[in-house]
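Please read the structure below before turning to the comments.
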Amino acid sequence: MIDIVDKIDCCGCSACVQICPQNCIAMEEDDEGFLYPKVYVTDCVDCGLCEKVCPVINRFSSSHVQGSFACFTNDENVRSTSSSGGILHEISKFVFAKGGVMYGACFDEKWEVYHGCADNIVDAVKFRGSKYVQSKIGNVYRDIRSILKKGQKVLFVGTPCQVSGLNHFLQKKYDNLIAIDIVCHSVPSPKVWRYYLNEISNHNPITNVIFRSKKNGWKNYSIKIDSNNKILVHEGKEQNLYMRGFLADLYTRPSCSACPARNFTSGSDLTIGDFWGCEKYYPTLDFDKGSSIVLVNTDKGNKLFKNIKNIFVVQIPYEQVEPFGLHRPLTSSSKPHYNRKYFFAKMSVAKSIRFLIFRCVIVLEVKRTVKHILNRYLKKHEK
């Protein structure tokens, strides 16, 4: 049975929970706010299915990138409200036109993130935009298997480990499944997100959250959080403390430092992300409002992408992707911040989550840098 000894060995995909025929595994939140499986041993029949579908224990081989494309939707409204180029909107339109459904990350009424379903383009708006919180999968894999067996098309979008978890759970290939993973930096703690929202809201109801507002441009994106007609937060990624902590890997999941689905091993048909630096190669093209990178990983993905309409697309060599920060999260795991343990040790007693992030990422980092410079100076002049 699944037995998590070291938390680095669980990505939280919940494939083990959903495959269990006895329903004797449940996901429970730990002190850091991440979900891990707990087995109720008395009901277990030792079938071994939970271990068989675990994407950490059993890993796929790396796929070969068949094609790389810089692209964006021709719908300016969709593009302006998307994190990058709005390509998922056009892909979902294609799937809905074929009678299919889409699963992706969205907010619930408490502004926590979960994986939901949509069967039309209007409802699919909830999937638009990045959500920098690990989403709860729930029983989505089971639902998808049921739909696939009926012959209906399914589009699933998630992190590489979630896509890998789905593919392992299914235990077979389905021609009517389209799996897309995102270029993933890492996944931050839902508990930290809850603490942050509670602090900035000051008991006011949150009415909107945008992690990647383009009001100041695609590259200068900002996080914007509203309460009715009042703006609670509108800060750039360098100024916003939640984003600073996330990008510094201060409170990301332990397994992100040993990701089981990096280097194109998730089994996805397409990989999608931001194509930073695209203007270097194509300075005359209008990429300033956001551009997506689409990497085609399978024949099915290639056939699908060729059928997507209403997009501007340029095929590019994969080597042009690497210099702009995409290659690292695609092929390497994140490195935990050196103050990670300190942060979580203090989080439950901290009067301000923002100040704790500030202290860990900025104040202690400055002290560490000054100490390093001073030590180098003393060592140089000790003689």
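The values are calculated or read from the model by the stated rules, or taken from the named source; none is laboratory data. Note that the coordinates shown come from a computational prediction; the quantities given were computed from them, not determined experimentally. Every residue, glycine among them, receives a Cβ derived from its backbone with ideal geometry; neighbour counts consider all protein chains shown. Side chains included, ligands, DNA and RNA excluded: accessible areas come from the protein's heavy atoms. Shrake-Rupley method; radii C 1.70, N 1.55, O 1.52, S 1.80 Å.
The gain in end-to-end length when the K280 to N208 segment is fully stretched comes to 22.5 nm, 0.36 nm per residue minus the alpha carbon separation.
The candidates K214, K136, K98, arranged from most to least accessible area with a 1.4 Å probe in the full protein assembly, appear as K98, K136, K214. For the range 51-147, the dipole from Cβ point charges (+1 on Lys and Arg, -1 on Asp and Glu) about the Cα centre works out to 300 debye, to the nearest 20.
Cross-link partners for K335 among the lysines, with Cα-Cα distance under 25 Å and sequence neighbours closer than 8 places in the same chain left out: K7, K131, K136, K191, K219, K237, K346, K367, K371. Label sites at T331 and S257, each approximated as a point 7 angstrom past Cα along Cα to Cβ, lie 2.3 nm apart. For the range 249-336, the gyration tensor built on C-alpha atoms gives an oblate shape. Its axis ratio a/c (a ≥ b ≥ c) is at least 1.5, and a/b is not larger than b/c. Taking a ≥ b ≥ c as the square roots of the eigenvalues of the Cα gyration tensor, the range 240-298 is oblate, since a/c reaches 1.5 or more and a/b is not larger than b/c.
Peptide packing: for 162-168, 5-11, 203-209, 46-52, the average count of neighbouring Cβ atoms within 10 Å per residue gives the ranking 162-168, 5-11, 46-52, 203-209, highest mean first. Taking a point 7 Å from the Cα of R142 along the Cα-to-Cβ direction, the residues of the range 30-49 with backbone N closer than 20 Å to it are 35-49. Counting every pair of alpha carbons in the chain, the share spaced more than 37 Å apart comes to 22 percent.
Between K149 and I362, 0.36 nm times their residue separation minus their Cα-Cα distance comes to what?
Numbers: separation 213, 0.36 × 213 = 76.68 nm, distance 5.14 nm.
Extra length available between K149 and I362 comes to 71.5 nm.
Net length available on complete extension from E238 to Q171 is 19.9 nm, with 0.36 nm assigned per residue and the Cα-Cα distance removed.
On the beta carbon distance between N77 and D43, with R0 = 51 Å, the FRET formula returns roughly 0.50.
Between the residues C106, Y281, G67, the greatest Cα displacement towards the positive end of the dipole of the chain, with unit charges on the Cβ of Lys, Arg, Asp and Glu, is found for Y281.
Take the alpha carbon gyration tensor of the range 32-77, find the square roots of its eigenvalues, order them as a ≥ b ≥ c, and report rounded if a/c is under 1.5; if not, report prolate when a/b exceeds b/c, else oblate. Let's see the in-between values first.
Values: a/c = 4.00, a/b = 2.07, b/c = 1.93.
It is prolate, given that a/c is not under 1.5 and a/b is the larger ratio.
Here the label points at E109 and A97, each 7 Å from Cα along the C-beta direction, are separated by 3.7 nm in the simple model.
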